[in-house]
1. What is the helix-to-structure angle for 156-175, meaning the angle in degrees between its Cα long axis and the longest Cα principal axis of the chain, kept from 0 to 90 and rounded to the nearest 10?
2. Given a cut-off of under 8 Å on Cα pairs at least six residues apart, what relative contact order in percent is computed for the chain?
3. Length gain on complete extension for the stretch R257 to A286, per 0.36 nm per residue less the alpha carbon to alpha carbon distance?
4. Given the convex hull over the Cα atoms of the chain, what projected area results after averaging over all orientations, in nm²?
5. Pairing the Cα long axis of helix 420-438 with the longest principal axis of the chain, what angle in degrees results, from 0 to 90 and rounded to the nearest 10?
6. Gap in Å between the Cα centre of the stretch 71-121 and the Cα centre of the stretch 443-488?
7. Compute the acute angle (0 to 90°) between the alpha-carbon long axis of helix 19-36 and the principal axis of greatest extent of the alpha-carbon atoms of the chain; round to the nearest 10°.
8. If the chain between V390 and V34 were fully stretched, how many nm would it gain, using 0.36 nm times the residue separation less the Cα-Cα distance?
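Just so it is clear, none of the values below were taken in a lab; they were calculated from the coordinates. As the structure is a computational prediction, the values presented were derived from the model and not from experiment. Neighbour counts are summed over all protein chains in view; Cβ atoms, including those assigned to glycine, are modelled from backbone coordinates with ideal geometry.
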Amino acid sequence: MFDIFHEGFWRAGLGDWIDPYFINYLLEHWYRSVATLGDPSSPPMYFPVQKTLGYSHGLILYAPFYILVRLFLHPFQAYSLSLLIVIETGIVCLYLFFRRSLKLSFLESLLLTAFFFTSQNVINGTVGVWSQRASVFLIPPILLLLVTAIRRPDSRLHLGVVCLAGALTTLLFVHDFYTAQFAMFFALLFAVAAVAIDYRAAVVRGISGFWKAQSVIGKAAFVIAVAGSAWALYVLKYGGLRARVLGITIASRDWRRGALLAGTSMMVFVALRGWRRIKSDLAVVAPWVWAFSAGLATGASVFLWIFLPAYLEHPRFPEKDLLSQLAVRDPSRWTGLAAALRDLGAYGTLRSFKIVFIVSVLACLPWLRADRKTRLYVLWAAAISLVVFVIPLEIRGFSIWLAFFRHIPGFNVIRDPTRIIYLYELAFILAVALLLAGVRSRPGYRIGVCGLLLFFMVTDHHTDVFDYERPVNVYRRWVDWPIDIPPACQSFFISRASDEYIARSPHMWALYNIDAMFFSLNHAIPTLNGYSAWAPEGWNLMNPQEADYDERVQAWIQKNELHNVCELDVVAHTLRPLPPL
């Protein structure tokens, strides 16, 4: 994959001139923002629109790796090397997590780590194209930070590390929303399993004690606060609420009413409970919980600052843009399990699903004498694996993603649900590690599980090579050339180029616009052009090759009342002011 000793690694950028070029631009934007103390939330594209970073992933957690190597390397090489460092950091931290936190043996930790990063679902050719998919490697360092620090909660340094882990957790949403959303999904599943199987009685006692300690009015205020919050969130999400209760029609289109009701009821609850009693209740919470919560709040505020405007403008992808398509649409083709697995085609490998299936069957066999808790955990993992397995399926118009998951807040902005597989593979290997730690006193079980992992790792392997299709010399010819910016130019757009220029790539939208975006960064002048998952309302400056492109430019200039706009000619290497309209 990363052959850093090959000359291609140092002469070209990873991937092609489409999405990899755009991702490289985002990281370069972070580098320029840090160097100039600029606003990272507004890359100089789609001028004069602000908060344009929110139209796609922010890649904020790749930025430190990129900035470090960018000090010494060209943007293209810095991008490739920073991605390699991210992956290697995740691998090392995952191994350390198994060794230090779960106290697994050297061989077990090594096997589990190798099984994860050798999975074709984790490392494959698409990572070289959409490198945000490697964001799963950012989770092991966060886990290692958190678990290591909470062991010494009385140390201020360790509480600071816990706070940092909390901030990194929510900054993962800024970095890549898909990774963060699916990671939160599996974290909740782990928590539900732990509560349902291990800690159910303690949770019930805690909730019961809290409820019994309240007065009747306090209970009513708490219930009303919860109902008001649900009301506000529902109206904010779906734009309105209409229902009939006991023959009376209840309708609402203003989410602020529910929020006001919830806030007022919560103040009543606090007043009845008393501040001193609330402080005593809060004092029993572990210090690391407060530190982690403070970090979560910090990262969440950054997320809202960058992404809330874009989310309000584009709350979801149209169903026609969803990538949840299945090769198998006719159940009559399912002549057997082998045919179904062969035709699925959504995931690179099914070896983790196979292991879960085998372990689930074995756990139910009475002669193995698996204890009840272990059996319940294994069956829970099997149920979750089944859900992940069918998420990309669409059979005769029915899809579990479209029918259920797309209606859950947060999932409606996910266009490619198959990306859940990256987080599933991490959740799977963490679950196996917990299983091995739980049967520490039964070496036969541990040998059997490790044997399964080793068998599938040896028999189900693959080799992927990343492509380096962005030569540095081509970039320097068309984009990175010296120019004196005319004083009259406050912004610019790219004009139609030659046939030689467009021979670089058939994707004109990406080629023209990202070239303009890199030129904008190099010369600190904003561009009207842009490329991202979303675009501002009314923007359509996609392809200068189209006949009406100049008219669209003029319309955008008039709509936004822009002045001193210049035209970039990448063939003549000129930037000339447009005449006044």
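1. For 156-175 against the chain, the angle is about 60 degrees.
2. Taking the mean separation of contacting Cα pairs over the length of the chain, I get 22 percent.
3. Contour length minus Cα-Cα distance gives 6.9 nm.
4. Mean orientational projected area (the chain, Cα hull): 33.9 nm².
5. Once rounded, the angle reads 30 degrees.
6. Result: 13 Å between the Cα centres.
7. Approximately 90 degrees, to the nearest 10.
8. 123.9 nm
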